[in-house]
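We did not get these values from a lab; they are worked out from the coordinates using the rules stated. Predicted model only: the values in this text are computed from it and were never measured.
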Amino acid sequence: MIHGPVDCFEDADRTVPLVQADDLVQTSMRVTILPPHAEEPPQPERTREDIRIFADFLATLLDSCIHIPGTNIRIGLDPLLGLIPGIGDLLSNLLGTTILFLATQLGVPRIVIFRMALNVFLNTFLGAIPGFGDLFSVWFKSNVRNAALLRRYCRPVPPRSTIGDWIYVSVLILVMFLATVGALFLILWLIAALWQFMTSPS
């Protein structure tokens with residue numbers, strides 16, 4: 001509705017109001033133009049902190065939730081699951097890759113996610129070596145390292161996650177999974193070949 005004085009002029013058929021310039025300015029100031037594709041609002045800081053806390057909890061659970069009495073050594077479920085032949089290392093590192101998805105959700109740069117994936121791969125590949133692998137996992141603590149990287153590089157206002165980001169992380173995890181399975185088969189083949197060599201008649 002237009003307020004203020006309104007003048008009129010008459011023509012042969014109708015009376016037309018003359019709108020004052022002040023009314024046009026006031027009316028235009030009340031108009032809000034919304035973009036057709038407004039971006040989603042950034043995550044509340046409380047929600048982002050909850051994600052970081054969950055990443056820290058998961059890393060502690062896998063790498064340092066158990067204190068060995070009389071020492072400064074802490075271990076988690078990762079080396080314990082590694083004692084399960086075959087599936088143990090795959091299961092523990094599958095849990096560890098959850099931190100990569102959390103990092104993607106918080107807008108961690110891709111190069112840092114690649115570094116985190118490399119930590120998981122090293123833990124998986126070297127952790128598959130009997131005996132040495134469990135000791136390496138206790139020392140390396142890939143999940144604690146990744147949780148620290150997540151906290152260090154997560155952006156205050158992350159960009160909106162794209163399909164490309166999720167494809168990037170998913171492909172990294174798939175490659176690590178295939179490499180881990182290949183490494184396990186290689187280790188089993190070497191053990192079988194060594195056993196056959198030692199037990200075969202000379």
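Structural remarks
- Residue separation of ILE129 and VAL171 scaled by 0.36 nm, minus their Cα-Cα distance, works out to 12.7 nm of gained length.
- Karplus-derived 3J(HN,Hα), 6.51/-1.76/1.60, for each residue of region 100-106, Hz, glycine and proline x: 5, 5, 5, 5, 4, 5, 8
- Shape category assigned to region 45-195 from the gyration tensor of Cα positions, a/c cut at 1.5: oblate
- Given their separation in residues at 0.36 nm each and the Cα-Cα distance between them, THR60 and ARG74 gain 4.1 nm when the chain is fully extended.
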